[in-house]
Structure formats: structure tokens, C-alpha cells
1. Once fully extended, how much extra length lies between LEU80 and LEU43, figured as 0.36 nm per residue of separation less the alpha-carbon to alpha-carbon distance?
2. How much length, in nm to one decimal, is gained on full extension between PHE231 and PHE164, taken as 0.36 nm per residue of separation minus their Cα-Cα distance?
3. Counting pairs of alpha carbon atoms under 8 Å apart in space and at least six apart in sequence, what relative contact order in percent does the stretch 25-170 give?
4. In whole Å, how far is the Cα centre of the stretch 130-144 from that of the stretch 53-119?
5. Just in the stretch 77-167: which chymotrypsin sites (Phe, Trp or Tyr not before Pro) are loop by DSSP and have at most 16 other Cβ atoms within 10 Å?
6. What does the C-alpha gyration tensor say about the overall shape of the stretch 116-174? Classify as rounded when a/c is under 1.5, otherwise prolate if a/b is larger than b/c, or oblate.
7. Any chance you could run the full-extension gain for VAL62 through MET35? It's 0.36 nm times the residue separation minus the Cα-Cα distance, nm to one decimal.
8. At what distance in nm do the modelled label points of PHE172 and ASN146 sit from each other, each positioned 7 Å from its Cα along Cα→Cβ?
Amino acid sequence: MIMKRLAGVMLAIFLSCAFAAAQPAKHSHEGRFYMGVQMGPMLNLYENYFSYKENGKAWGLVTYQAGLVGGYDVNDIFGLRLSASYAKNAGACNTRNTSAHGFYPYTFSSVNVFADAILDIHGLSDLYSFFRFKLYGGMGFGHTFNMTESNHPWQDVSDPNTVFGFRFGAIFEYNITDHIGIFGDLCGEAYTDKYNGLMPSAKEQAEDFEGYGGFPLDLRGLVSVGFLYRF
């Protein structure tokens, strides 16, 4: 009888240990700093972006960007992040309201700095996983420069420009170890007009003036992959 009870206790202990071992330990980031790098393609949606497609140059709207990020996880739900990036951008001057209806593309460089607030969805649900899905929103500014010549007959492109920006995005993060992780970042950014060096006049924004959609923001869509180290 004693042997049966002992065997039963040992079996219970064994099963408990096996069950505990099967559960992944919670990968907590609370109170930790991290740094990382990221890069990837982006889509430029400024005034007259449609002229790229109309002239068979749609892929010209896809350029590249790369940056550095640094952040702090306040807890497993909320975090803060700073980022600075460099990008090559593509714009175009007015096409439809010119006598030649020509194609007037140009490129320019940019440095963009943002401060983001991050919400960790896995932290909210208390899931036990090395994978994290996060949402974020941020504010910052963009500085644009090195505008190339568009050869447009009358529209001027200002250079340089510094404007306000805001953005929203999602992060898909996988932590390979307690310190090393990889991530994907989907982001949509909006800047006040003149980010791309163009600020059309009231006349150009009129409904009967072709070639300008009247939208007051310059937009970018970004897809990045990155590497991070958590201290």
C-alpha cells in the first residue's frame, strides 16, 4: 500500500514537472532598454504621384529607407521608442496643367525623427510567447534636401524643408533569445505639405486646376525589417 501511494505521488510530481516544462516561460521586457537597426522599401505618395503610372514609371515611386531605433519597455504592455532614419524619396511636379503634359520627376533625400508610444497586444492578453504583436503611434518631423532638377516650366521646388509629421504602424517582433530579436514594421507616415518641396498655391488647389488633388498632406508607406538588442 505504501509503495502504491509512493508511486502515485512520484507519478503526480513527474506529470506536474512535465506539464510545467511544456509551458514557455514568460518573456518579460519590463524595465529594459533596447537598440536596433531597420531598413526596407517605401511608397511615395505626394502631389502628382499619378504621373509616374501614367508615364509607365510606377516602380519609380518605390524607394528605400534605413534607420536606427532605441526604446524602453515601461512594462509588458506599454513602451516608448525614438527613431531616426534616412530615405531616398521620389516626387513629381505638375503634369496635367502644362502645355506639353510632360513628365517632371525629381528625387530628394530626407532625415526623419519620431517619438512613438507603443502598445504590446500580447502584454494585454498575458500570452506566453517569444512573439510580440505591437501597435504604435508617433509624432516627429521630416527634413528634406538635395532636390534634383525636375525641368518643370513654371513650378518651383523648395530646398531644404523641415515639416511636422505623424505616423501609425504595427510591429511583428520575435525574440530569438532574451537579448536578441528580429522584427517587421509596417508604417504609414503623413507630413504637412511642402515635405516634398511643393506647396501649391490656392489657385493650384482649385477644383478646375488639373494636376493637384488638393490633399494637404504628403504621405509615405513603409515596410521595414530589423534587428534589435535588448539590454
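1. Details: separation 37, 0.36 × 37 = 13.32 nm, distance 2.57 nm.
Length gained between LEU80 and LEU43: 10.8 nm.
2. Working: separation 67, 0.36 × 67 = 24.12 nm, distance 3.15 nm.
The span from PHE231 to PHE164 would gain 21.0 nm if fully extended.
3. Working: 337 pairs, mean separation 30.0, N = 146.
Once normalised by length, the contact order is 21 percent.
4. Their Cα centres are 13 Å away from one another.
5. Numbers: sites: PHE78, TYR86, PHE103, TYR106, PHE108, PHE114, TYR128, PHE130, PHE131, PHE133, TYR136, PHE141, PHE145, TRP154, PHE164, PHE166; in loops: PHE103, TYR128, PHE130, TRP154.
Within the stretch 77-167, the qualifying chymotrypsin sites (Phe, Trp or Tyr not before Pro) (loop, at most 16 other Cβ atoms within 10 Å) are TYR128, PHE130, TRP154.
6. Prolate.
7. On the way: separation 27, 0.36 × 27 = 9.72 nm, distance 2.69 nm.
Value of the extension gain: 7.0 nm.
8. 3.1
The values are calculated or read from the model by the stated rules, or taken from the named source; none is laboratory data. Everything numeric in this text was worked out from a predicted model, so none of it was measured. Counting neighbours? That spans all protein chains shown, and the Cβs are built from the backbone with ideal geometry, glycine included. For the accessible areas, the whole protein counts, side chains as well, though only heavy atoms, and no ligand, DNA or RNA atoms are used. Shrake-Rupley method; radii C 1.70, N 1.55, O 1.52, S 1.80 Å.
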